[in-house]
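First up is the structure itself, then whatever we jot down about it.
The values are calculated or read from the model by the stated rules, or taken from the named source; none is laboratory data. The shown structure was predicted, so the numbers you read here are calculated from the model rather than taken from an experiment. Here the Cβ positions follow ideal geometry from the backbone for every residue, glycine too, while neighbour counts run over all protein chains shown.
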Amino acid sequence: HLLAVGARVYISGRPPVTTLYSSAVFIGCGAVLAGLVLELVFGLGIGNALAGLSGFLTLLIAHYLSVDGDTFTVLVAVLDTQFWLSTHVVTVTLGYAATFVAGLLAVMYILASTVRPDLPAEIRKVFYQATYGIVCFAIFFSFVGTVLGGLWADDSWGRFWGWDPKENGALMIVLWNALILHARWGGLVRERGFAVLCVIGNIVTGWSWFGVNELGVGKHSYGFTEGVMMWLLIFVISQMAVSALGIIQSWLHRVPKSEVARQIAPVA
């Protein structure tokens, strides 16, 4: 995977994020590396499973994005800038990748706890801590990348922000990751609720990455790719199903308020 990304950079002389195809390969590479790092930190095989699954899925997506056979297309004029490709596009793509990794970890957690309701507390804790750390990483890079995108827009089009669909999509990712973190910090969600929010983050990121390109409007409409909407809809439905499963789990495992009050009441 790394060799393929490195070869694309060497051949094109540009960062590996110039098209949807190359960004899918780049995101897959980042997700695999994130999984390997998680395995080094936590062990337990969770990182290896994440690396293998994310690498397979992103390369599968990249395969279907290259159906015309030519993945080295001529750049649109507005993208023909080495500096902004290396800063804004790489940074915001890392934010996309991290949000997807957090969402994939959450999917793994929900499915694992469904198949095995007595999932050991140690494994649940690893899932929770790893997902939280990745969401923090995601909001940092998505926010910085969005700001850099505004600076690029100001340099190219004379305005920092124009509520373009692609700009709104990037903002949605930042806001959703912020919502996830605030829900955790405010005690509004626990492990399963946090996982559900991260899975919904997959839907937000998928729409921001692919969906807005299919609208055919705005200054970023050059990213249109035929046939994407059907696969995006299938992806959204699958994530909604996993989210519903997580919500059902949260409802089944919730602790009654009377029980919580009894546990925290002072002993006479």
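Taken over segment 129-174, residues that are at pLDDT 90 or above, within 27 Å of Q249 (Cα to Cα) and over 15 Å from the mean Cα position of the chain (by Cα) amount to 0.
For segment 1-27, the candidate set comprises residues that are small (G, A, S) and assigned to a helix (DSSP H, G or I); within that set, the residue that is farthest from L85 (Cα to Cα) is A4. Annotation: of all residues in segment 101-128 being within 23 Å of F56 (Cβ to Cβ), of a type outside the set (A, V, I, L, M) and at pLDDT below 90, the one that is surrounded by the fewest Cβ atoms within 10 Å (Cβ to Cβ) is R116. Filter segment 8-35 down to residues that are over 15 Å from F100 (Cα atoms) and among the small types (G, A, S), then give me how many there are. Going through segment 8-35 one residue at a time, the tally reaches 3.
One residue stands out in segment 135-185 among those that are without any contact (Cβ under 8 Å) to a residue 40 or more places away in the chain, out of contact with any Phe, Trp or Tyr (no Cβ under 7 Å at 6 or more places or on another chain) and farther than 28 Å from G246 by Cβ: the one that is surrounded by the most Cβ atoms within 10 Å (Cβ to Cβ), namely V147.
No other residue among V260, V212 is closer than 27 Å to G150 by Cβ, assigned to a helix (DSSP H, G or I) and at pLDDT below 80 apart from V212.
Table: residues versus (1) among the acidic types (D, E); (2) within 20 Å of P120 (Cα to Cα); (3) surrounded by 12 or more Cβ atoms within 10 Å (Cβ to Cβ); (4) at pLDDT 80 or above.
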| site | (1), (2), (3), (4) |
| --- | --- |
| E39 | yes, yes, yes, yes |
| A49 | no, yes, yes, yes |
| G52 | no, no, yes, yes |
| A77 | no, no, no, no |
| F83 | no, no, no, no |
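Does segment 186-205 contain at least one residue that is surrounded by 17 or more Cβ atoms within 10 Å (Cβ to Cβ), under 15 Å from L20 (Cβ atoms), within 15 Å of the chain's Cα centre (by Cα) and of a type outside the set (D, E)? Within segment 186-205 (the criterion being surrounded by 17 or more Cβ atoms within 10 Å (Cβ to Cβ), under 15 Å from L20 (Cβ atoms), within 15 Å of the chain's Cα centre (by Cα) and of a type outside the set (D, E)), the answer is yes, since at least one residue qualifies.
Residues checked against (1) assigned to a loop (DSSP other than H, G, I, E, B); (2) under 24 Å from V92 (Cβ atoms); (3) at pLDDT 80 or above:
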| site | (1), (2), (3) |
| --- | --- |
| H182 | no, yes, yes |
| L245 | no, no, yes |
| Q249 | no, no, yes |
| L252 | no, no, no |
